[in-house]
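Step one of this worksheet: look at the structure below.
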Amino acid sequence: MFEGSEKIIDVALRPNCDSLRELPPQFWQELVAACGADILSVVHHQSCDAYLLSESSLFVWHDRVRMLTCGDTLLSPALATLIEKLGAAQIGVASYQRKNEYRHQVSLASFDQELIQLRQVINGKGYRVGHLDSHHHYLFLAYGESSSRPAPVTYELLMHHIDADVANQLRGSSLSVMHIRALLQLTELLPEFTIDDHLFSPFGYSVNGVNQAEYFTIHVTPEKAHSYVSFETNITAPQLLKRVSDALLALFAPESWDVIAVNQHPVEHELSGATQSTCSIVSEQSDNVQFNHYQRNDIRLCCETL
């Protein structure tokens, strides 16, 4: 079984930093390879470089880098490596996020072990949000010495156990990237974005979209036992976010889904038959992280600092 849920690192540099986009291609190739992934393609846009990976995506701006990997990759060492190579003095905000795994018995490291490694290069706090016996996420947040702190914006919609008919369709042997683009309505929903996508064998699909400094990425893992689809973006327009999120939820009809909003308000979904619980896990410095879980059955969320 493939582990579809992503591990994510995000680093925002302090003001007047050296540009991340001026680093040589070899820097990013080595960073991706160290996580057990490969670069499949890249789109260089005016304000952002979007890398499509064999295990999710990498986005690089002048002062921010965000990397997602899935499967059995281990991403926390990449955050430690980034901080060491860039220098702690350049770091404004650094974060690491991972979800509880279905295949936790083969995980290369526990979150507690990763915290020990990360705290060797930068001081930060670890959090857990969600029901311990069900869906929950781990988060590490660290701040640099600069008094002027950037506030990266991200919106994640993470859908679990999607509609069986749609999952079967996405495992079809005659699929093409154009067919999936049409299914996702990418041209209609996000017409101004440059698209870069890849269809994996035997199944699975990833797409990056870039428009100036804005990005989105979608990853589809139509596993029979644990199907999963993720959508994330730094789009801040509420109406556009709602239109895209509602369209994806209507298409995939998941049994449950998570919404993680960083430094913006979560979209209000008017969906019948779903229970929503909310836990704000961070309201500190310049950041606010809000976690919402929706499920067709009631679930109670908890939040604690590790």
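The values are calculated or read from the model by the stated rules, or taken from the named source; none is laboratory data. Quick caveat: nothing in here was measured; it's all calculated off a predicted structure. Because the Cβ atoms are built from the backbone with ideal geometry, glycine has one as well, and the counts that use them run over all protein chains shown.
Going through (1) surrounded by 19 or more Cβ atoms within 10 Å (Cβ to Cβ); (2) closer than 19 Å to residue 152 by Cβ one by one, residue 62 falls short only on (1). Considering the range 172-181, the residues that are among the aliphatic types (A, V, I, L, M) and assigned to a helix (DSSP H, G or I) include one that is farthest from residue 118 (Cα to Cα), namely 178. Taken over the range 248-257, the criterion of being touching a residue at least 40 places away in the same chain (Cβ under 8 Å) and either closer than 13 Å to residue 154 by Cβ or not in a strand (DSSP E or B) (or both) is satisfied by 248, 249, 251, 252, 253, 254, 255.
On the given criteria, is residue 298 surrounded by 13 or more Cβ atoms within 10 Å (Cβ to Cβ), modelled with pLDDT under 90, acidic (Asp, Glu) and out of contact with any Cys (no Cβ under 7 Å at 6 or more places or on another chain)? It is false that residue 298 is surrounded by 13 or more Cβ atoms within 10 Å (Cβ to Cβ), modelled with pLDDT under 90, acidic (Asp, Glu) and out of contact with any Cys (no Cβ under 7 Å at 6 or more places or on another chain). Note on the range 141-171: residues that are modelled with pLDDT of 90 or more, assigned to a loop (DSSP other than H, G, I, E, B) and either over 21 Å from the mean Cα position of the chain (by Cα) or among the β-branched types (Val, Ile, Thr) (or both) amount to 4.
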